[in-house]
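Encoded as structure tokens, the structure appears first; notes follow it.
The values are calculated or read from the model by the stated rules, or taken from the named source; none is laboratory data. Please read these numbers as outputs of a predicted model, since none were measured by experiment. Here the Cβ positions follow ideal geometry from the backbone for every residue, glycine too, while neighbour counts run over all protein chains shown. These accessible areas exclude ligands, DNA and RNA; they are computed on the full protein's heavy atoms, side chains included. Shrake-Rupley method; radii C 1.70, N 1.55, O 1.52, S 1.80 Å.
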Amino acid sequence: MEKNKTGKYFKYAIGEIILVVIGILIALQLNISRENSDLRKNEIVHLNNILQDLNQEIIALEKMIKFKESQSKASDTIRDYIDGKRQQDLVSFNKNQFRAFIWRVHHPNNNSFSELKSSGQLSLINSNEIRQHLLNLNSKYVQLAMMEEHLKYEYHEFLYKKNINSIDYELMFNAKKVDFDKNDSILLKQNIEMIKGDKSLKNTYVLASSNNSYIASICKNILDIVEKTIVLIEEDIEK
């Protein structure tokens, strides 16, 4: 009789233990599910922030590409003028020279990605493909910044210094107020003929054209990566 009672109690105890274990496992699973849900919500917040930056980046890059291509074209025009291949009036020359002289760099719209990366939380983005695209994009920004720094050096050492005696810099700095008419010439009138055939001066514009064209090509490559990354992020958010 006592053995029978002990057996029943033992079975009851085992059953209780099993129920407790099952309860713990269910609780753990629910907790993991909640944590995963919270992580996914957090990931989507970051993806949306990055997406917003990338959409702004498209606008900025398209403007930069257009501007750099126009600078390259303007430099080619001045080069041809110096080479004697182009006959143009002073107004046209001034407009192209002013365009070639402008210094402008691209400022990436990547604050959300940079904050995520610097805080060591890039792993919050589950998609390896998205992470790789963002890291590749970041490396392209580094390449662009290096090229811009190189161009800045050449502008200061060659383009600006070489033109120091032939251009009215005061007029250049106030160019927004100038109509580029023949009474307000950035290029000093007495030096118009002097610059023709100047090989050294010509080379400064050859460099300006080449480097601005190269920067435009880097920006196009970045734009391509940005557009592909946007597609990946939008698809991931819709899952």
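In table form, for the structure just shown:
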item: Cut-off 13 Å between beta-carbons: net charge of the residues surrounding residue 213, Lys and Arg +1, Asp and Glu -1; result: +3
item: Vicinal HN-Hα couplings computed from phi for segment 43-51 (Karplus, 6.51 cos²θ - 1.76 cosθ + 1.60; Hz; Gly/Pro x); result: 4, 5, 4, 5, 5, 5, 5, 5, 4
item: Summed side-chain charge close to residue 129 - residues other than residue 129 whose Cβ falls under 11 Å, Lys, Arg +1, Asp, Glu -1; result: 0
item: Vicinal HN-Hα couplings computed from phi for segment 72-85 (Karplus, 6.51 cos²θ - 1.76 cosθ + 1.60; Hz; Gly/Pro x); result: 5, 5, 5, 5, 4, 5, 5, 4, 5, 5, 5, 6, x, 8
item: Built amide H within the under 5 Å cut-off of residue 167, gap 5+; result: 188
item: Accessible-area value, residue 198, 1.4 Å probe, nucleic acids and ligands omitted, Å²; result: 50
item: Average silhouette area of segment 54-142, convex hull of alpha-carbon atoms, in square nanometres; result: 7.6
item: Ranked packing of 149-158, 55-64, 206-215, most packed first, by mean Cβ within 10 Å; result: 206-215, 55-64, 149-158
item: For segment 203-215, 3J(HN,Hα) per residue [Karplus equation, 6.51 cos²θ - 1.76 cosθ + 1.60, θ = phi - 60°, Hz, x = Gly/Pro]; result: 4, 5, 7, 5, 5, 4, 5, 5, 5, 5, 5, 5, 4
item: Among 110-121, 93-104, 43-54, the order from most to least packed when residues are scored by Cβ within 10 Å on average; result: 93-104, 43-54, 110-121
